[in-house]
Amino acid sequence: MYDNNNIFAKIISGEIPCKEVYQDEKILAFEDVAPAAPTHVLVVPKGEYISFDDFMQNANAEQIAGFFAKTRQIASDLGLVADGYRIVMNHGKNGNQTVPHFHVHILGGKQLGGL
Ligand code: AMP
């Protein structure tokens, strides 16, 4: 069950502030509060999806394609394409997902090393 009280739901609703990078009717992107790289942006769909797995199972093909195309556009707009960047999506306990609203991490701005 989706938890309406999770922190990203509150950021989407405007109850909790964020450093916004991009927003439209379907997507919000904002800076991670504890950046793991010089650029660390989180991209979230505004729909109620718990995780990558939930999103891929329950969003439709248009929503999925739109979300990932926009995520790529945000990485480009952040100036990360030429030098490269990392995309991370954590799902569930073993993936160490800490916020139960699906999100993509965009990490860049330095050589990130191996996983
Ligand atoms: P994950 O471990 O994949 O669930 O990632 C959750 C991310 O959310 C972590 O990188 C946190 O630093 C980040 N985070 C938690 N609370 C906030 C917040 N209020 N604003 C921005 N980022 C946050």
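For the chain, the number of Lys pairs with C-alpha atoms closer than 14 Å, counting only pairs eight or more positions apart or on separate chains, is 5. Computing FRET efficiency as 1/(1 + (r/R0)^6) for Asn94 and Phe68, where r is the C-beta to C-beta distance and R0 is 25 Å, gives about 0.60. Computed from point charges on the beta carbon alone (+1 for Lys and Arg, -1 for Asp and Glu), the dipole magnitude for the range 7-108 about its Cα centre is near 160 Debye. Stokes-Einstein diffusion of the range 7-108 at 37 °C, 0.692 mPa s viscosity, Kirkwood radius from Cα pairs, rounded to a whole number: 238 µm²/s.
When ligands, DNA and RNA are left out and all protein chains stay put, how many square angstrom of accessible area per residue does the range 7-108 have with a 1.4 Å probe?
Numbers: 5670 Å² over 102 residues.
That works out to 56 Å² per residue.
Among Ala82, Ile64, Ser13, pick out the residue whose Cα is farthest towards the positive end of the charge dipole of the chain, where Lys and Arg carry +1 and Asp and Glu carry -1 on C-beta, about the Cα centre. Of the candidates, Ala82 comes out farthest on the positive side. Taking the Cβ of Gly66 as the center, what net charge do the other residues with Cβ under 15 Å away carry, scoring Lys and Arg +1 and Asp and Glu -1? Every neighbour counted, the sum reads +1.
Enter the Cα centre distance for the pair the range 90-109 and the range 1-79, rounded to the nearest angstrom. So the separation of the two Cα centres works out to 11 Å. Per-residue ellipticity at 222 nm computed for the chain from its helices equals -8000 deg cm²/dmol, with DSSP H segments shorter than 4 residues left out and the rest contributing -39,500 (n - 2.57). Against the main long axis of the alpha-carbon atoms of the chain, helix 61-77 sits at an angle near 30°. Starting from the Cα of Leu112, move 7 Å in the Cα-to-Cβ direction to define the label point; list residues of the range 36-65 whose amide nitrogen is under 13 Å from there. Label zone hits: 36-43. For the listed peptides 91-98, 42-49, 7-14, a ranking on the average number of other beta carbons within 10 Å per residue, highest first, reads 42-49, 7-14, 91-98.
The values are calculated or read from the model by the stated rules, or taken from the named source; none is laboratory data. Remember, predicted model here, so these are calculated numbers, not experimental data. Don't worry about glycine lacking a Cβ; one is built from the backbone with ideal geometry, like all the others, and counts go over all protein chains shown. Protein only, heavy atoms only, side chains kept; ligands, DNA and RNA dropped before computing areas. Shrake-Rupley method; radii C 1.70, N 1.55, O 1.52, S 1.80 Å.
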